[in-house]
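**Q** To start, I am sharing the structure in question, which I have written as structure tokens.
The values are calculated or read from the model by the stated rules, or taken from the named source; none is laboratory data. Fair warning: this is a prediction, and the values are worked out from it, not measured in the lab. Don't worry about glycine lacking a Cβ; one is built from the backbone with ideal geometry, like all the others, and counts go over all protein chains shown. Keep in mind that these areas ignore ligands, DNA and RNA; they rest on the heavy atoms of the full protein, side chains included. Shrake-Rupley method; radii C 1.70, N 1.55, O 1.52, S 1.80 Å.
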Amino acid sequence: MFLNFANSPHDCSTGYMNKNIPLEINSCGTYRLLTRYRMETCRPRGRIDYQLIYVASGRGYFYFNHSLEPTIVEAGNMVLYHPDEFQKYEYYGKDHASIFWIHFTGNAIEEMFLKFGLYPDRNVLPSGTKSFYAQSFEQIILELQLQKEFYEESAALLFSHILMMAGRHRCELSHSRYVPLREVDEVIIYFREHYHETINIEGFIETKGYGVRSFFRKFKQYTGLTPLQYLLEIRLSNAMKLLETTNFQINEISRLVGYDNALYFSRLFHKHTGISPKEYRSAIHKGQGSR
């Protein structure tokens with residue numbers, strides 16, 4: 001099981017409530033089941049703050065309102081829990097679930113959700129599977145880990161942007177010109193499960209029976225990125241996680257995320273993050289050591 005998270009100095013296992021500011025992030029994290037068969041969370045009394053769960057890939061099983069039968073929430077959706085609301089949900093390794101979660105508080109939560117048309121009285125909110133979400137959640141985690149100047153404001157702004165993009169997705173769904181593209185979702189899932197392998201993107205798309213040019217156009221319309229850019233984002237994201245949580249050498253991490261040439265991987269990493277893999281690992285460890 002892979003787990004990466006960070007929290008504010010105020011957070012605790014039962015949550016933290018602050019009504020003095022519009023929005024504050026209590027904790028944020030991500031996990032995916034790599035070796036465990038099943039993972040379950042059950043909070044009969046919930047927490048005293050809000051929680052949002054984003055299903056990036058796979059699916060989760062949620063038991064809303066003490067239901068005995070789960071609601072299956074597929075990738076591309078978010079789940080919202082209110083303060084003191086019963087929480088029970090589970091994930092299975094066979095589903096290859098990749099999950100992001102965030103706990104938050106403030107006096108403008110309901111107003112913010114309504115502003116973006118996300119209907120805070122509903123538990124399941126459609127969001128789409130844009131790579132933007134994973135990148136933003138990971139940046140929030142990094143802000144909470146490093147705790148640089150104004151990190152709380154930065155984390156809150158990043159989360160507001162996540163909600164805005166989910167609201168935009170809802171608007172797109174309501175337009176007749178917008179059609180959810182199952183073939184794009186299928187390729188996204190393939191990328192997330194096989195990013196560590198050598199992937200011939202055009203060849204794979206052709207094997208699915210899709211026209212390459214039209215598919216590339218649909219993919220970018222749906223995700224904001226080309227397939228190659230999207231695959232790169234997945235690989236770099238996983239490389240960051242390995243740099244944060246393991247002692248693997250850079251060349252080992254390069255191979256684990258799909259690059260046989262470690263020098264090429266390091267150049268890509270530097271180009272897209274502004275620092276080398278070694279510098280990134282050093283910054284993470286310094287930030288954790290200062291907590």
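**Q** Once the piece of chain linking Y119 and I72 is laid out straight, how much longer is it, given 0.36 nm per residue of separation minus the C-alpha distance between them?
**A** On the way: separation 47, 0.36 × 47 = 16.92 nm, distance 1.94 nm.
Separation in residues times 0.36 nm, less the Cα-Cα distance, equals 15.0 nm.
**Q** Sticking with this one: Specify whether the C-alpha gyration tensor of the stretch 56-148 places it in the rounded, prolate or oblate class, a ≥ b ≥ c being the square roots of the eigenvalues: rounded for a/c under 1.5, otherwise prolate if a/b is larger than b/c and oblate if not. Please report the intermediate quantities before stating the final value.
**A** Working: a/c = 1.61, a/b = 1.14, b/c = 1.42.
Oblate shape, in that a/c is at least 1.5 and b/c is the bigger or equal ratio.
**Q** Right, something else. Just to verify a number: FRET efficiency for T41 and R213, C-beta to C-beta distance, R0 = 41 Å, to 0.05?
**A** Details: r = 44 Å, r/R0 = 1.07.
Approximately 0.40, to the nearest 0.05.
**Q** Something else about it: So, by mean Cβ neighbours within 10 angstrom, what's the order for 242-254, 134-146 with the highest one leading? The partial results should precede the final answer.
**A** Numbers: 242-254: 16.1, 134-146: 21.2.
With the highest mean Cβ count within 10 Å placed first, the list reads 134-146, 242-254.
**Q** Follow-up. For E85, which sequence-distant residues (separation of 5 or more, or a different chain) have an amide H within less than 5 Å of its own amide H, given hydrogens modelled in the peptide plane?
**A** Correct list: R47.
**Q** What whole-number value in Å² describes the accessible area per residue of the chain for a 1.4 Å probe? Intermediate values should be presented prior to the final figure.
**A** On the way: 14540 Å² over 291 residues.
Value for the chain: 50 Å² per residue.
**Q** Taking amide H positions as placed in the peptide plane 1.01 Å from N, state which residues far from M17 in sequence (5 or more) or on other chains have amide H under 5 Å from it.
**A** none
**Q** If the elastic network links every pair of Cα atoms under 10 Å, which of V184, V212, V124 fluctuates the most in the Gaussian network model of the chain?
**A** V212
**Q** Starting from the Cα of I189, step 7 Å along the direction of its Cβ; do the same at N247; then give the gap between the two resulting points in nm.
**A** That separation, rounded to one decimal, is 3.8 nm.
**Q** A further question follows. Using a probe of 1.4 angstrom, how much of the accessible area of the chain is carbon and sulfur, in percent? Show your work: numbers first, answer last.
**A** On the way: 7610 of 14540 Å².
Whole-percent figure for carbon plus sulfur exposure: 52.
**Q** Let me know the shape class of the stretch 217-291, please: from the alpha-carbon gyration tensor, a ≥ b ≥ c as square roots of the eigenvalues, rounded when a/c is under 1.5, otherwise prolate if a/b is greater than b/c, or oblate.
**A** Working: a/c = 2.39, a/b = 1.68, b/c = 1.43.
It comes out prolate by the Cα gyration axes.
**Q** By average Cβ neighbour count within 10 Å, what is the ranking of 231-238, 48-55, 85-92, 195-202 from highest down?
**A** Details: 231-238: 20.1, 48-55: 22.2, 85-92: 18.2, 195-202: 13.5.
Those peptides, ordered most packed to least, come out 48-55, 231-238, 85-92, 195-202.
**Q** Provide the solvent-accessible area of R122, counting protein heavy atoms only and rolling a 1.4 Å probe, rounded to the nearest 10 Å².
**A** 120 Å²
**Q** While we're on this one: Work out how much length L225 to Q147 would gain on full extension: take 0.36 nm times their residue separation and subtract the Cα-Cα distance, in nm to one decimal.
**A** Fully extending the segment from L225 to Q147 adds 25.1 nm.
**Q** Return the calculated 222 nm mean residue ellipticity for the chain, to the nearest 500 deg cm²/dmol, obtained by summing -39500 (n - 2.57) across DSSP H runs with n ≥ 4 and dividing by the residue count. Show your work: numbers first, answer last.
**A** On the way: 10 runs with 130 residues, N = 291.
Mean residue ellipticity at 222 nm (helix-derived): -14000 deg cm²/dmol.
**Q** For T71, enumerate residues with amide H under 5 Å from its amide H, sequence gap 5+ or separate chain, H modeled in the peptide plane.
**A** Here F62, Y63, F64 satisfy the definition.
**Q** Give, in nm to one decimal, the length gained when the segment between S282 and R255 is fully stretched (0.36 nm per residue of separation minus the Cα-Cα distance).
**A** Values: separation 27, 0.36 × 27 = 9.72 nm, distance 2.04 nm.
Stretched fully, the S282-R255 segment lengthens by 7.7 nm.
**Q** Follow-up. By its C-alpha gyration tensor, with a ≥ b ≥ c as the square roots of the eigenvalues, how is the chain shaped: rounded for a/c under 1.5, else prolate for a/b larger than b/c, else oblate?
**A** Details: a/c = 1.61, a/b = 1.18, b/c = 1.36.
Oblate shape, in that a/c is at least 1.5 and b/c is the bigger or equal ratio.
**Q** Under 19 Å between alpha carbons, and skipping anything fewer than 8 positions from K148 in its own chain: which lysines qualify?
**A** Partners within reach: K286.
**Q** Next up: Could you go through the stretch 186-193 in sequence order and give the Karplus-derived ³J(HN,Hα) for each residue, using 6.51 cos²θ - 1.76 cosθ + 1.60 with θ = phi - 60°, rounded to whole Hz, and x for Gly and Pro?
**A** 5, 5, 4, 4, 4, 4, 5, 8
**Q** Another question about this same structure. Once you put a point 7 Å from the Cα of R168 and another 7 Å from the Cα of T198, both along the Cβ direction, what distance in nm separates them?
**A** 3.7 nm
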